[in-house]
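Rule-based calculations on the coordinates, nothing more; no lab input. Remember, predicted model here, so these are calculated numbers, not experimental data. Note that each Cβ is placed from the backbone with ideal geometry, even for glycine, and that neighbours are counted across all protein chains shown.
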Amino acid sequence: MVFTRKVFSDIIDYHDFSHLNWLYMKYDQHQKGIESYSEYLLYLYNYIKKYYRCEYVYKNEIINQLLLKTYGTKNTIAFNEFKIGNSIVDFAFMNGESKAFEIKTQFDTYRRLSKQMEDYKKVFNKCYLVIASEDLGYYESIIEPTTGIIELYYDRGRIKLNEYRHAVKNSELDPSALMGCLRIQEYKNIVLSIDGHLPKVSEFKMYDACKERIKQIPSDRLNELFLYEIKKRKSVTNKLKEVPKELRQIYLSLNLSEKERYELTNQLCNPIKKSDLCISRI
């Protein structure tokens, strides 16, 4: 697989294109019109979105179509993978309300789906399942009706996402589950915003004391405070329109600084080393 954190981290950190060089020389050296690494990645993305719709394609199109066009605003923060208990949301949007997106490609199983959605609904206002249109009938029959469904399909050379079923808003949050998503300063800030001071306990007992206080906050107010704190986290969401649309998921996943984004963009403009095959780091 090409669109992974390691492949792009190696390019940024070591100027190492060995994986792309190897892939090009093995499979694509006879393709016409490919001179630079950026052109090669565009070719590869167009190929996998047509023939191999893996999780990367789903996540990247969620960014392109849902985050930047449909659901997102200039204040929305997106997270690639957001941990809740023993589950990890594939994609999360935070703005005036929180949205969780669980992806099930045609290469995935439904084995943990029920538990995953149960966990997500403890924290997120709206939860969606993103699936291939071919699997729509099956998943519609096994997930509860409050979960939204977004279908992905390929049409005339383009990937499209369609909101087949709206998600029902969840207004009741689970304070314990929410607490587990917060960093130390974040849950302290929530308590400070309500009381103006922290519990008068030792740091050793601070977590439990804050947890008990947070349990007493009305759900709608707690939701506001939770979103306010989460949106303070470092994110490159508002910079995604500036990067190639085929690579937006990589830029978000790596949470690249401005310097790193500049470095990666410049490196990808380099011509492919067609006669310099190195597999030492593959």
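Roughly speaking, what % of Cα-Cα pairs in the range 1-89 are separated by over 16 Å, rounded to a whole number?
For the range 1-89, the fraction of Cα-Cα distances above 16 Å is 66 percent.
Specify which residue in the list G96, Y153, A167 is farthest towards the positive end of the charge dipole of the chain, using unit charges on the beta carbon of Lys, Arg (+1) and Asp, Glu (-1), about the Cα centre.
G96
What do you get for GluC sites (Glu not before Pro) in the range 122-195 restricted to DSSP loop and a cutoff of at most 13 other Cβ within 10 Å of the site's Cβ?
E172
Mind listing which trypsin sites (Lys or Arg not before Pro) in the range 97-141 are in a DSSP loop and have 11 or fewer other Cβ atoms within 10 Å? All intermediate terms of the calculation are to be shown ahead of the outcome.
Working: sites: K99, K104, R111, R112, K115, K121, K122, K126; in loops: R111, R112, K121, K122.
Of the trypsin sites (Lys or Arg not before Pro), the ones in loops of the range 97-141 whose Cβ has at most 11 other Cβ atoms within 10 Å are R111.
Cα-Cα over 18 Å: which of K99/K169; K6/K26; K188/K211; K99/K121; K200/K231?
Where the Cα-Cα span goes over 18 Å, the pairs concerned are K6/K26; K200/K231.
For the range 175-230, give the magnitude of the charge dipole about the Cα centre (Cβ charges: +1 Lys/Arg, -1 Asp/Glu; no others), in debye to the nearest 20.
Result for the range 175-230 is approximately 160 debye, rounded to the nearest 20.
Just for the Cα atoms in the range 57-206, what are the lengths along the principal axes, largest first, rounded to whole Å?
Each principal axis gives a Cα extent; for the range 57-206 these are 62, 34, 24 Å.
Among the listed pairs K69/K245; K205/K232; K49/K160, which are separated by more than 22 Å between their Cα atoms?
Pairs exceeding the cut-off: K205/K232.
Normalise the Debye intensity by I(0) for the range 175-230, one equal point scatterer per Cα, no solvent, then take log10 at q = 0.15, 0.19, 0.26 Å⁻¹ and round to two decimals.
Debye curve over Cα of the range 175-230, log10 I(q)/I(0) at q = 0.15, 0.19, 0.26 Å⁻¹: -0.34, -0.56, -1.10.
Which residue, Q216, L227, S193, has the largest displacement toward the positive end of the dipole of the range 175-230 when charges sit on each Cβ (Lys, Arg +1; Asp, Glu -1)?
In the range 175-230, that residue is Q216.
If you take the C-alpha gyration tensor of the chain, multiply each eigenvalue by 5 and take the square root, what semi-axes do you get, largest first, in whole Å?
38, 24, 15
In the range 162-224, which trypsin sites (Lys or Arg not before Pro) fall in coil by DSSP and have 14 or fewer other Cβ atoms within 10 Å?
Loop-located and lightly packed - K169, R183, K200.
Charges only on Cβ, +1 for Lys and Arg, -1 for Asp and Glu: so what's the dipole of the chain about the Cα centre, in debye to the nearest 20? Provide the component values of the computation, followed by the final result.
Numbers: 45 positive and 38 negative charges, 60 e Å.
Charge dipole, the chain, about its Cα centre: 280 debye, nearest 20.
Give the residue from V243, M206, Y262 lying farthest towards the positive end of the charge dipole for the range 140-274; charges sit on Cβ (+1 for Lys and Arg, -1 for Asp and Glu) and the dipole is referred to the Cα centre.
Positive-end residue among those listed: Y262.
Report, to the nearest 10°, how far helix 5-14 tilts away from the longest principal axis of the Cα atoms in the chain, using its own Cα long axis and a range of 0 to 90°.
The two axes meet at around 70 degrees.
Mind telling me which of N189, N60, N223 comes out most flexible in a GNM of the chain, alpha-carbon contacts under 10 Å?
Residue with maximal mean-square fluctuation among N189, N60, N223: N189.
Which of these, G137, G72, G148, has the largest mean-square fluctuation under a Gaussian network model of the chain (Cα springs below 10 Å)?
It is G137.
Send over the Kirkwood Rh of the range 56-106, from the inverse of the averaged 1/r over different Cα pairs, rounded to one decimal Å.
On the way: mean 1/r = 0.0885 Å⁻¹.
Here the Kirkwood hydrodynamic radius works out to 11.3 Å.
Place a +1 charge on the Cβ of each Lys and Arg in the range 201-264 and a -1 charge on the Cβ of each Asp and Glu, then give the dipole magnitude about the Cα centre in debye, rounded to the nearest 20.
100 debye
If I fit a long axis through the Cα atoms of helix 37-51 and take the longest principal axis of the Cα atoms of the chain, what angle between them do I get, 0 to 90°, rounded to 10?
Rounded to the nearest ten degrees, it is 70.
How tilted is helix 219-230 with respect to the longest principal axis of the chain? Cα atoms for both, answer in degrees (0 to 90, nearest 10).
That helix lies at roughly 40 degrees to the long axis.
Go ahead and set up a Gaussian network model of the chain, Cα springs under 10 Å, then flag whichever of K74, K239, K231 fluctuates most.
K74
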